[in-house]
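To start, the structure itself, in structure tokens.
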Amino acid sequence: MTELSPEQATVAARYRTFAAEEVHGVSPSYERLTLEVADSREILDFLLGFPSARRQPNLLLAASRIVAGRVPDKDHLIELIRDPEGRLRTLMLSRTTQTNEAARCAVLLPVLASLPPPLALIEVGASAGLCLLPDRYGYDYGARRIAGAPGSPTFRCVVQGSAPIPAAAPTIVWRAGLDLSPIDLGSEADTAWLEALVWPEQEHRRRHLQQAIAVARAAPPRVVRGDLLHDLDALIAQAPAGTTLVVFHSAALAYVTPRATRLRFVERLRRTRATWISNEAPGVFPDILAQAPAPMPPSRFLLAVDGVPKAWTGPHGQSLEWFA
Ligand SMILES: C[S@@+](CC[C@H](N)C(=O)[O-])C[C@H]1O[C@@H](n2cnc3c(N)ncnc32)[C@H](O)[C@@H]1O
């Protein structure tokens, strides 16, 4: 291939990084396809037709899987790009990456259970609200298991350090989510989108998602449409008195840019009565990261309570390395 333009090279690098650091050893089909994308000038040009935030590998991969009905190979992806109806393009413009990983409750639960009950929960960036139901799932922490509601998923979480693993889930008397674009669990198209966001070879994640959706449909959590910066106060005002109010977020604040906006969100939140739980990629809050012990392990999130780091966590809730 002749030399890429700087813009093409930037997108190609993003896809190569995704292949090497995110899906390598986890999803061979996505690793192959994202490397092919990085080598295809036509696909790179297609991606350059979108705003930067929509050039994301996860968005292209999930949308192309929905349109193709399977993971396409490079030639099939190019056919989708050339399709005069533009279904792939339309989907990539109308959807965002809203992966809702209920298994992240496994790393939130020890912190939630250490707060005075009963709890009132608000999740900002809640997607479908599956992480608002930590008391309805089962957990396997190795040395300790917690049973969930019948038919619920059991999330396995490998624990290191002296994490305060509870004997039971805490009492949650009120819960609500806030999202720019809530996923409707009653909509086939919305739940198909959630499923498409799970990487192809991760059958256990897909099964857990389906189980979590079934649990949530039995008593759906309320997720309000709104922006975490402008609409949180109104939700906080609805939380019942006599509860420990928790505002948490997981894999959401990275989407809030620029960083100054994140800091404004934190400043406003810290002026309320809420306990703040953050479970995000370490770079999202550099001030919290600066307080965490070195070295930072690769491919982890950082769990913090009221700005104090507590643990490294597996991005899909699969591990908890407690250092606090
Ligand atoms: C990757 S999903 C994570 C969902 C869930 N927290 C989890 O861990 O499974 C991120 C969510 O944050 C939402 N989001 C992004 N920016 C937001 C904002 N400014 N206000 C409210 N929600 C936002 C997106 O719409 C998306 O549903």
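The values are calculated or read from the model by the stated rules, or taken from the named source; none is laboratory data. What you see is a predicted model, and the numbers here were worked out from it, not measured in a lab. Every residue, glycine as well, gets a Cβ built from its backbone with ideal geometry; the counts of neighbours run over all protein chains shown. Each accessible area value is taken on the protein alone, full model and side chains, heavy atoms only, with ligands, DNA and RNA left out. Shrake-Rupley method; radii C 1.70, N 1.55, O 1.52, S 1.80 Å.
Of the residues GLN318, ALA126, SER162, the one whose Cα sits farthest towards the positive end of the charge dipole of the chain is SER162 (charges of +1 on Lys and Arg Cβ, -1 on Asp and Glu Cβ, taken about the Cα centre).
Largest accessible area first, the residues SER181, SER250, SER299 order themselves as SER299, SER181, SER250 under a 1.4 Å probe with ligands, DNA and RNA left out. The simple Förster model, with R0 at 25 Å and r as the Cβ-Cβ distance, assigns ALA254 and ALA13 a FRET efficiency of 0.85.
So, with +1 on the Cβ of K and R and -1 on the Cβ of D and E, and no other charges, what is the size of the charge dipole of the chain about its Cα centre, to the nearest 20 debye? Present the calculation step by step, with values, prior to reporting the outcome.
Values: 34 positive and 33 negative charges, 174 e Å.
The calculated dipole for the chain is roughly 840 debye.
Only alpha carbons enter this Debye calculation for region 206-277, each as an equal point scatterer, and the log10 of I(q)/I(0) it gives at q = 0.12, 0.16, 0.18 Å⁻¹ is -0.44, -0.74, -0.88.
Answer rounded, prolate or oblate for region 221-324, using the Cα gyration tensor with square roots of eigenvalues a ≥ b ≥ c: rounded when a/c is under 1.5, else prolate when a/b is larger than b/c, else oblate.
In terms of gyration-tensor shape, prolate.
Surface listing: ILE277, ILE236 arranged by accessible area from highest to lowest gives ILE236, ILE277, probe 1.4 Å. Ellipticity at 222 nm from helices only: DSSP H runs of n ≥ 4 in the chain, each -39500 (n - 2.57), divided by the residue count, give -10500 deg cm²/dmol. Note on ALA147 and ARG222: with the Förster distance fixed at 35 Å, the Cβ-Cβ geometry gives a FRET efficiency of about 0.85.
Taking every DSSP bridge with both residues inside region 102-322, close to 35 percent are antiparallel.
Maximal additional length on extending the SER181-THR261 stretch stands at 26.9 nm, based on 0.36 nm per residue less the C-alpha distance. Entry note, region 6-94: relative contact order of 26 percent, from Cα contacts under 8 Å with a spacing of 6+ residues. Relative to the longest principal axis of the Cα atoms of the chain, helix 28-38 runs at roughly 50 degrees. So what is the relative contact order for the chain, in percent, with contacts set as C-alpha pairs under 8 Å and at least six apart? Value for the chain: 17 percent. Extent of region 70-215 along its three principal axes (Cα atoms, max minus min coordinate, largest first): 57, 29, 28 Å.
Ellipsoid semi-axes for the chain, based on the Cα gyration tensor and the rule √(5λ), read 34, 21, 20 Å when sorted largest first. Working note: Karplus 6.51/-1.76/1.60 with θ = phi - 60° gives region 86-91 the couplings x, 5, 5, 4, 4, 5 Hz, where Gly and Pro are set to x.
Annotation for region 245-282 versus region 136-189: alpha-carbon center distance of 20 Å. Working ranking of peptides 211-224, 258-271, 112-125 by packing, defined as the average number of other Cβ atoms within 10 Å per residue, highest first, is 112-125, 211-224, 258-271.
For the chain, the longest principal axis of the alpha carbon atoms and the long axis of helix 259-270 meet at an angle near 20°. For the pair SER52/GLU85, report the inter-label distance in nm, with labels modelled 7 Å from Cα in the Cβ direction. Each label point is offset 7 Å from its Cα along the Cβ direction, giving 3.4 nm. Rounded to 0.05, the FRET efficiency of the ILE78 and THR171 pair, given R0 = 56 Å and the Cβ-Cβ distance, is 0.55. Structural size metrics of region 1-100, computed from C-alpha coordinates, are Rg and Dmax of 12.5, 40 Å. Helix 203-218 and the longest principal axis of the C-alpha atoms of the chain enclose an angle of approximately 50°. Charge dipole of region 215-324 (Cα centre as origin; +1 on each Lys and Arg Cβ, -1 on each Asp and Glu Cβ, all else neutral): 200 debye, rounded to the nearest 20.
Suppose we keep just the DSSP beta bridges with both residues in region 223-324; what percent of those would be antiparallel, to 5?
Taking every DSSP beta bridge within region 223-324, about 70 percent pair in antiparallel fashion.
Fully extending the segment from ALA68 to ARG207, taken as 0.36 nm per residue of separation minus the present Cα-Cα distance, adds 47.9 nm.
The order of ASP227, ASP140 by accessible area, most exposed first and with a 1.4 Å probe, is ASP227, ASP140.
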